[in-house]
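See below for the structure under consideration.
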Amino acid sequence: MTEPHLEETPSFEADPYERKWIVVSLVLLIAFMVTVTIAGFALGFQVPGDETRVDPRTVADSGPWNEPGLRDRGNGEYDAYVIARQYLFDPRTITVPVGSSVTFYLTSIDVQHGFKLQNTNVNMQVVPGEVSRLTVEFDEAGEFDYICNEFCGAGHAAMFGSVVVEADTGGA
Ligand code: CUA
């Protein structure tokens, strides 16, 4: 009868080289956490809210989606309901005064689209059956184009619109 061969007791000491890489990956992890925190609090990073679920086949039949467009909530705050479909955004133009805070609500009645508002941090997926929401402050007058940045078919490139931010005329 032969004794089973006993392996050497495994060592739990990390190789110095390995230890160096553990430190490097921890430093990277902390750097990424700091970056995300800065983006979140200093740069106004917002995660598109999964507000509500809707039925894409009937969503456009009742309010507020049967009348897409702007709602004035007062105090410079607006809600913008936008329907995305092949191949347009309804409405194609949204006009607000400078200094407005606009919350965009988007949904699609057919396929997946995108909604990127140039020169702002708004860039979201528009998925049938869901409402995507993001708020943006317009502190400067100008025209901000929105484009569909998710390929949605032959007319994808023609899917765009714009937010017109009107300068304060000194009225009111
Ligand atoms: Cu809609 Cu691309």
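The values are calculated or read from the model by the stated rules, or taken from the named source; none is laboratory data. Worth saying up front: this structure is predicted, and the values here are computed from it rather than measured. Note that each Cβ is placed from the backbone with ideal geometry, even for glycine, and that neighbours are counted across all protein chains shown.
Numbers below:
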item	result
Tabulated pairs, the stretch 150-164, first on the phi > 0 side of the Ramachandran plot and surrounded by fewer than 19 Cβ atoms within 10 Å (Cβ to Cβ), second part of a loop (DSSP other than H, G, I, E, B) and among the aromatic types (Phe, Trp, Tyr), C-beta under 6 angstrom, 6+ apart or interchain	none
Residue selected from the stretch 120-129 under the condition modelled with pLDDT of 90 or more and surrounded by fewer than 18 Cβ atoms within 10 Å (Cβ to Cβ), by the criterion farthest from Ser108 (Cα to Cα)	Asn123
Residue in the stretch 52-62 that is under 20 Å from Tyr146 (Cβ atoms) and either in contact with a helix residue (DSSP H, G or I) (Cβ under 6 Å, 6 or more places away or on another chain) or of a type in the set (D, E, K, R) (or both) present	no
Subset of the stretch 150-172 [within 13 Å of the ligand (Cβ to nearest atom) and in contact with a Ser or Thr (Cβ under 8 Å, 6 or more places away or on another chain)]	Gly161
Residues within the stretch 134-149 that are more than 8 Å from the ligand (Cβ to nearest atom), surrounded by 13 or more Cβ atoms within 10 Å (Cβ to Cβ) and part of a loop (DSSP other than H, G, I, E, B), tallied	1
Gly114 vs. criteria assigned to a strand (DSSP E or B) and under 15 Å from the mean Cα position of the chain (by Cα)	yes
Criterion violated by Phe45 - all others in (1) under 29 Å from Ala167 (Cβ atoms); (2) in contact with a Phe, Trp or Tyr (Cβ under 8 Å, 6 or more places away or on another chain); (3) aromatic (Phe, Trp, Tyr) satisfied	(2)
Selection from the stretch 74-111 of residues that are within 13 Å of the ligand (Cβ to nearest atom) and not in a loop (DSSP other than H, G, I, E, B)	Val82, Ile83, Ala84, Arg85, Leu88, Phe89, Asp90, Leu106, Thr107, Ser108
